[in-house]
Each structure stands twice: as structure tokens, then as C-alpha cells.
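Nothing in this text is a laboratory measurement; each read-out follows from the coordinates by a stated rule. The shown structure was predicted, so the numbers you read here are calculated from the model rather than taken from an experiment. Don't worry about glycine lacking a Cβ; one is built from the backbone with ideal geometry, like all the others, and counts go over all protein chains shown.
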Amino acid sequence: MNLIFRLIRVLVLSWLRPGLHPLDPSVLSFRAWPLDLDINVHMTNSRYFALMDLGRTELILRNGIARQMFKRKWQPVVSGSTMRFKRAIKPFQRFGLETRALYWDEKGFYLEQRFTAKGKTLALGVVKAVFVGPDGIVPPEQICRLVGADETSPVMPDWLSGWPDMETAIEARLAA
């Protein structure tokens with residue numbers, strides 16, 4: 001199934017489903033179609049990232065951030081991501097994608113995106129997402145305030161504690 005049809009489905013379902021608190025997870029269901037597959041006849045790694053875009057879209061539509069984003073001419077931007085694949089998604093297999101905010105710092109939101117089927121994790125992605133407005137990066141505290149959420153971030157999960165160091169190392173490498 002082409003991504004445009006999946007996007008339309010996500011947009012329609014987002015308007016029909018109830019709103020979410022910014023820390024609540026978004027859950028979408030998909031099926032692996034032949035155009036999602038690579039030469040090894042399982043879902044290609046690039047499709048995971050494309051579906052993760054849809055998961056983040058659904059999350060910001062349902063938690064009210066999209067409304068603020070359109071009013072203020074902000075754009076959501078992925079500033080970093082990492083992915084770990086555990087089990088292949090096979091042709092025609094049904095699977096879910098759960099997207100949730102883990103915590104935020106002064107610049108961006110850190111999200112977990114988990115692919116699951118039959119109670120098992122198939123792949124896990126972590127994304128740092130920022131909102132960029134006409135004046136630069138929008139502080140997450142401002143976004144939380146506008147959607148009526150607590151501006152205080154949850155504590156960074158211990159298992160993610162190496163992320164800021166990796167970000168700093170990659171940023172330094174980009175400058176070289």
C-alpha cells in the first residue's frame with residue numbers, strides 16, 4: 001500500500017479518535033504489503049522510518065501540538081534517530097507501531113517508536129524531534145504550555161543515558 005494512502009488513513013483516523021495527553025502513546029496498525037519489501041522478502045529498513053513518520057504525525061495530531069504548529073508556522077523536524085531491528089516483518093504480516101514521548105530537553109522531544117506483533121517487539125527506534133519556527137527551535141516547555149501539559153519533562157530513562165553523548169560526538173564530526 002502506497003504511503004500516501006497510509007497517510008490519508010492516519011489523517012482521517014486521527015480526527016476520529018479521541019485526543020491524547022502529550023505523554024500518552026499513539027498506536028497504529030499496519031500490514032506489510034509487497035511494495036514494503038526488499039530483495040530479502042521482508043520489510044525494507046527504509047519503510048520502518050517512513051512508517052515512524054506516520055506514527056509521529058498521528059501523535060502530534062491527537063495531542064494538540066499540530067494545531068499549535070499550524071497556527072504558529074512551526075515545522076516538525078527529526079534531528080536524530082537510531083533503530084534496532086530484532087525480528088523481520090514478513091509479507092502480509094500485521095503489526096503495530098506505538099509512538100510515545102520519553103522526555104525532553106531544552107531543544108527537543110525524545111520519542112520511542114516500537115514495532116510489535118503478537119506481543120513481541122520487532123524493532124525499536126528512538127527519535128529526537130524538534131519544532132522549528134520563524135525564530136528558530138521552539139522550546140518544548142513552550143509547546144507543553146500551549147497544549148495544557150505539564151512543562152516539566154519526565155526523567156530521561158536510564159537505558160537512554162548515552163544518547164546525549166552520541167549526539168555531541170556526531171555533531172562534532174559534522175563540524176569537522
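Odds and ends about this structure:
- Each other residue within a Cβ distance under 12 Å of Leu146 adds +1 if Lys or Arg and -1 if Asp or Glu, for a net charge of +2.
- Size descriptor, Kirkwood hydrodynamic radius, that averages inverse alpha-carbon separations across segment 3-175, Å: 17.0
- Inter-label distance, nm, simple model (7 Å from Cα along the C-beta direction), Thr168/Ile39: 4.1
- Lys pairs, segment 3-175 - Cα-Cα below 16 angstrom, 8 or more residues apart or on other chains: 5
- The calculated FRET efficiency for Thr121 paired with Arg67, based on their beta-carbon distance and R0 = 35 Å, is about 0.65.
- Relative contact order of segment 3-175, pairs being alpha-carbon contacts under 8 Å that are 6 or more residues apart, as %: 23
- Backbone N atoms of segment 62-89 closer than 19 Å to the 7 Å Cα→Cβ label point of Leu13 belong to residues 62-66, 89.
- Relative protection proxy for 122-129, 10-17, 139-146, from highest mean packing down: 122-129, 139-146, 10-17 (other beta-carbon atoms within 10 angstrom).
- Spin-label model distance (nm) - Leu3 vs Glu151, 7 Å beyond Cα toward Cβ: 3.6
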